[in-house]
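Input: a single structure, listed below in structure tokens.
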Amino acid sequence: MKIFKELYAYREMIFSLVRRDLNGRYKGSVLGFFWTFLNPLMQLGVYTLVFSVIMRSGIEDFYLYLFVALVPWIFFSTSVSGGASCIWAQQEMVKKIYFPREVLPVAFVTSQFINMLLSFLVVLVVLIVSGKGISIIAILYLPVIFLVEYVLALAMAFLTSSLTVYLRDLEYLLGIITMVWQFLTPVMYSIEQVPERLRPIFNLNPMTPIIIAYRDILYYKSAPRLTTLLHAAIFGGIMLLIGVFTFSKLKLRFAEEM
């Protein structure tokens, strides 16, 4: 509870860091903030070309099937790999100023989360323009999944950012880990395509129920199953406890290790 009270007391600092990240991300580029929308669209184009033209997946409207999962995956993978360096990148501030160190991963993940919400505007537009449409009742479940994924992404950022202070190589290793993780998550395929004997292993992946829930809501236009929501929420809660515990233990020597 002390951590949450401190974060609330330093909420203005969090808002300031989020604004700085959002304003400075594409500063100096010609297209500026439009890259928020162009990045997922370009990735969508590449994956659609590969899995709809070259390696046919056999899934109807595969580009939509992929798109509704790709945007949340980009948010999660960026929070994991990019969040790893959020403490180290602010080492001068960490050495000289007192503030709850948790502020840095919270601000980083929050800025990525806002970026994902903006990208979801593109997802909704594409669903409507394509004729697939959306279900208003199913959409009401989106905030729940947003919250669960945010908690999981924050948990991973706590974990990776604190460990990277002590193990600098982890920042580079995470690029490979997130790439492998993506292929072990049903982003580019359905969970039904996974052999029955391997599904229990895939279900240990905390992102599996989250991606399934996004697909249920946006692609199948149906409410996600309660078991899927509980599965995702339990994973997110457990990972947050692990992340906060690890961060609180390791943050005591951040300044000395930098």
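For Phe4, what is the net charge nearby, where nearby means another residue's Cβ is under 12 Å from its Cβ and Lys, Arg count +1, Asp, Glu -1?
Every neighbour counted, the sum reads +1.
Could you sort 111-119, 197-205, 175-183 so that the peptide with the highest average Cβ count within 10 Å comes first and the rest follow in order?
Descending packing order for the listed peptides: 111-119, 175-183, 197-205.
What is the angle, in °, between the Cα long axis of helix 11-24 and the longest principal axis of the Cα atoms in the chain? Nearest 10 is fine, range 0 to 90.
Taking Cα atoms only, the helix is inclined about 60 degrees.
Bins of 5 Å, beginning at zero and ending with the bin holding the largest distance: percent of Cα pairs per bin for region 198-258, please.
Going from the shortest bin to the longest, the percentages are 4, 17, 18, 17, 13, 9, 8, 7, 5, 2, 0.
Given all pairs of different Cα atoms, what value in angstroms does the Kirkwood hydrodynamic radius of region 2-257 take?
Computed over Cα pairs of region 2-257, the Kirkwood hydrodynamic radius comes out at 19.3 Å.
Within straight cross-link reach of Lys221, meaning Cα distance under 19 Å, which aspartates and glutamates are found once same-chain residues fewer than 8 apart are removed?
Glu60, Asp61, Glu192
Quickly rank 63-74, 133-144, 221-232 as a protection proxy: mean count of other C-beta atoms within 10 Å, highest first.
The peptides rank, most packed first, as 63-74, 221-232, 133-144.
If each residue of separation counts as 0.36 nm, what is the full-extension length gain between Leu184 and Phe15 once their alpha-carbon separation is subtracted?
57.4 nm is the gain from fully extending Leu184 to Phe15.
Where a number appears in this text, it was derived from the coordinates with a stated rule and is not lab data. All values derive from a computational prediction rather than experimental measurement. Note that we place each Cβ from the backbone using ideal geometry, even for glycine, and neighbour counts take in every protein chain shown.
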